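The values are calculated or read from the model by the stated rules, or taken from the named source; none is laboratory data. The model shown is predicted, which means the values in this text are computed figures rather than measured ones. Don't worry about glycine lacking a Cβ; one is built from the backbone with ideal geometry, like all the others, and counts go over all protein chains shown.
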Amino acid sequence: MTATTDGSTGALPPRAPSASDATAETTEPTDSLRTAVLDDTAESARRAAARATDYLLSLQDPAGWWKGDLETNVTMDAEDLLLRQFLGIQDPRTTEAAGRHIRGEQRPDGTWATFYGGPGELSATVEAYVALRLAGDAPDAPHMARASAWIREQGGVAAARVFTRIWLALFGWWKWDDLPELPPELLYLPKWFPLNIYDFGCWARQTIVPLTIVSAKRPVRPAPFALDELHIDPRRPAPPRPLAPATSWDGLFQRLDKALHLYHKVALRKLRGAAMRAAARWIIERQENDGCWGGIQPPAVYSVIALHLLGYDLDHPVLRTGLASLDRFAVWREDGARMIEACQSPVWDTCLATIALADAGVPADHPQLVKAADWMLAEQIRRPGDWSVQRPQLPSGGWAFEFENDNYPDIDDTAEVVLALRRVQHPDPQRVGDAVQRAVRWNFGMQSRNGGWGAFDVDNTSPFPNRLPFCDFGEVIDPPSADVTAHVVEMLADVGRAHDPRTRRGIAWLLAEQEPSGAWFGRWGTNYVYGTGSVLPALAAAGIPGSHPAVRRAVRWLEQVQNEDGGWGEDQRSYQDKERWAGRGASTASQTAWALMALLAAGERESEAVRRGVRWLTGTQRDDGSWDEPYFTGTGFPWDFSINYHLYRQVFPLTALGRYLGGGPAAVGA
């Protein structure tokens with residue numbers, strides 16, 4: 001792998017095929033030769049699809065669901081160890097297993113990255129280093145010395161993100177006074193007021209509410225060791241930060257934070273106590289049946305800490321089930337290492353697997369597809385959640401991403417589950433029809449004013465949350481995105497609502513969002529390949545012809561960024577450096593599949609680009625029918641939080657091969 005100029009080990013962006021490449025490969029073949037090549041490609045695709053089908057069917061759980069590992073980065077593992085240290089519940093086996101995993105992810109230069117092949121990342125490296133200190137690694141060990149030296153070169157702990165410094169403050173390694181203030185009285189702001197908790201995306205508000213309690217309490221547990229080696233100057237670990245001009249937004253929010261620090265010193269005890277109790281009620285009301293919060297790890301961790309600080313002991317049912325839920329995020333490896341998933345994705349994986357198998361020709365009444373449909377039907381959410389704050393009259397009917405997350409169904413999963421259910425010939429079609437009707441009604445009701453759809457909320461577009469000094473990591477709002485909107489449009493077209501005015505508004509929004517290059521931005525997958533791979537099938541389903549100018553621009557872009565090996569890939573760095581990385585990266589199975597799904601939807605089945613892409617997929621398949629994909633092609637927060645969905649490398653290639661062989665998506669249900 002080639003070293004990049006930023007010191008990472010990721011491959012440099014492959015160059016796009018040149019005109020001479022195209023000429024060399026496409027010099028007018030005879031009709032008979034072209035037919036032979038296409039026949040050979042189709043035969044290879046049939047064999048690959050058959051192997052992939054058998055492999056994917058073998059992965060189904062007896063209960064009917066699929067779930068691949070959801071791999072992120074070592075901050076999940078580090079924070080799990082820090083939580084155990086804070087609560088005093090460490091155990092040698094867990095600590096040793098976590099340390100083994102964290103050490104195994106360290107790069108030769110001593111750093112930790114947040115995605116495969118990416119550059120070293122400061123906050124991840126700080127947290128990993130501290131976790132290994134907790135696991136017993138000596139600061140003068142070679143791998144630790146390399147890490148601490150690199151941290152100092154990057155500015156030390158003072159340059160790390162706020163969340164990292166909060167974890168250090170819990171042990172006195174950082175001063176609470178040197179962190180942004182987050183008062184629990186925030187809960188009292190009405191929903192029409194700027195910076196109320198519903199101005200934040202659901203994942204952010206679930207984290208912020210417990211952190212208001214932590215911020216108010218400012219706990220410090222005795223540190224087991226010092227961390228002087230992580231500061232440029234241990235005597236002055238937090239150098240003052242310059243104030244931005246008062247006339248700028250950044251300057252305004254910096255001064256607001258200073259005012260909140262003053263308020264912390266004079267806050268009325270009764271008011272603050274009432275606010276913390278209100279926050280505790282908010283947290284407890286949103287605990288899921290399995291003990292978790294929102295089905296994701298970070299809010300669960302902070303909720304446990306917050307409630308413990310308010311006097312809930314570890315044997316209290318809320319904390320006992322909360323801690324038990326965190327254990328279910330652990331993936332134990334054969335080598336004894338323990339990886340923590342940030343989240344689990346059974347609903348998402350199951351609907352995508354069902355679509356892939358159906359599109360690959362598995363009979364619609366196949367017992368495993370029926371079992372998958374039964375499991376998905378049982379997971380439909382029939383009660384209101386946080387989304388109903390903005391849509392109080394809208395009946396529920398969505399699906400969440402996780403095993404347990406009734407408070408936060410998401411629009412993307414709901415659209416894809418409907419597409420999956422309609423590919424299955426279920427013995428109770430009325431049950432399926434009723435579930436689909438509820439889902440369609442809910443998705444229509446969750447459309448934002450601009451015509452697009454976000455992932456969890458309606459019109460979650462306030463410009464203020466991202467300005468807070470506290471919010472220096474990841475997205476904290478949930479505006480409409482092209483990929484989610486495309487999936488909803490595709491679903492609405494599938495159920496016969498392509499000409500509904502609301503659907504047409506979604507299509508108009510998508511067309512307006514196309515980049516000058518011809519691509520679409522991918523919010524929840526990496527990146528322009530994912531966005532484009534989502535939009536073109538939706539436009540085709542909605543009746544937009546392949547000759548439409550927007551479609552032709554997208555096709556040209558995909559052809560231009562196809563790698564020399566025939567595949568497609570895009571590095572996470574395209575979120576930061578679009579000019580250099582958009583559509584660029586080592587070929588991957590999932591991203592090649594997305595590009596193929598887009599081209600096939602645009603009517604390009606017999607094109608040279610499609611043939612080369614199919615040949616890349618069939619040529620890289622492993623003997624057992626699977627594909628290898630170490631690269632991260634999923635997105636939690638663009639650039640800040642990347643995901644490797646381990647099932648993506650199976651479901652999307654099978655979908656693409658199935659559509660190449662079958663001419664398109666499987667026939668829809670009645």
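Points to keep in mind about this one:
- Residue tally, condition touching a Cys at 6+ places or on another chain (Cβ under 8 Å) and closer than 21 Å to E105 by Cα, over the range 291-328: 1
- Among the residues here, I296 does not qualify as of a type in the set (V, I, T) and farther than 25 Å from S388 by Cα.
- Filter result for L323 (in a helix (DSSP H, G or I) and touching a Phe, Trp or Tyr at 6+ places or on another chain (Cβ under 6 Å)): no
- Failed condition for A246, given (1) in contact with a helix residue (DSSP H, G or I) (Cβ under 7 Å, 6 or more places away or on another chain); (2) within 18 Å of A300 (Cα to Cα): (2)
- Condition check for A455: under 23 Å from the mean Cα position of the chain (by Cα) and not in a loop (DSSP other than H, G, I, E, B): no
- Considering (1) closer than 20 Å to W332 by Cα; (2) among the charged types (D, E, K, R); (3) modelled with pLDDT of 95 or more, the lone condition that R133 does not fulfil carries the number (1).
- Residue within the range 633-652 that is farther than 26 Å from F115 by Cβ, basic (K, R) and not in a loop (DSSP other than H, G, I, E, B) present: no
- Looking across the range 180-231 at every residue that is within 27 Å of the chain's Cα centre (by Cα) and assigned to a loop (DSSP other than H, G, I, E, B), the one that is farthest from A138 (Cα to Cα) is identified as K191.
- Qualifying positions in the range 86-134 - of a type in the set (F, W, Y), under 12 Å from M144 (Cα atoms) and part of a loop (DSSP other than H, G, I, E, B): W112
- Pick from the range 104-118, criterion of a type in the set (D, E, K, R) and out of contact with any helix residue (DSSP H, G or I) (no Cβ under 7 Å at 6 or more places or on another chain), ranking: surrounded by the most Cβ atoms within 10 Å (Cβ to Cβ): R107
- Subset of the range 334-367 (residues that are of a type in the set (D, E, K, R), modelled with pLDDT of 95 or more and touching a helix residue (DSSP H, G or I) at 6+ places or on another chain (Cβ under 8 Å)): R338, E341, D349, D359
This table checks each residue for (1) at pLDDT 95 or above; (2) under 30 Å from S388 (Cβ atoms).
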{"position": "K191", "(1), (2)": "no, yes"}
{"position": "C202", "(1), (2)": "no, yes"}
{"position": "A226", "(1), (2)": "yes, no"}
{"position": "E229", "(1), (2)": "yes, no"}
{"position": "S248", "(1), (2)": "no, no"}
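- Members of the range 569-583 that are of a type outside the set (A, V, I, L, M) and either surrounded by fewer than 24 Cβ atoms within 10 Å (Cβ to Cβ) or modelled with pLDDT under 95 (or both): Y575, Q576, D577, K578, E579, R580, W581
- Condition check for G603: surrounded by fewer than 19 Cβ atoms within 10 Å (Cβ to Cβ) and either touching a residue at least 40 places away in the same chain (Cβ under 8 Å) or under 25 Å from the mean Cα position of the chain (by Cα) (or both): yes
- Restricting the range 66-85 to residues that are in contact (Cβ under 8 Å) with a residue 60 or more places away in the chain, assigned to a loop (DSSP other than H, G, I, E, B) and buried (at least 20 other Cβ atoms within 10 Å of the Cβ), the residue that is farthest from the chain's Cα centre (by Cα): W66
- Meets criteria (closer than 24 Å to F464 by Cβ and either within 33 Å of the chain's Cα centre (by Cα) or modelled with pLDDT of 95 or more (or both)) for W293: no
- If the condition is being in a loop (DSSP other than H, G, I, E, B) and surrounded by fewer than 19 Cβ atoms within 10 Å (Cβ to Cβ), then the range 365-384 contributes D365, H366, R382, R383, P384.
- Residues of the range 578-617 classified as touching a Gly at 6+ places or on another chain (Cβ under 8 Å), of a type in the set (A, V, I, L, M) and outside any helix (DSSP H, G or I), total: 2
- Any hit, the range 238-259, residues being outside the structural domain of L182 (by TED's automatic domain parsing) and in contact with a Phe, Trp or Tyr (Cβ under 8 Å, 6 or more places away or on another chain): yes
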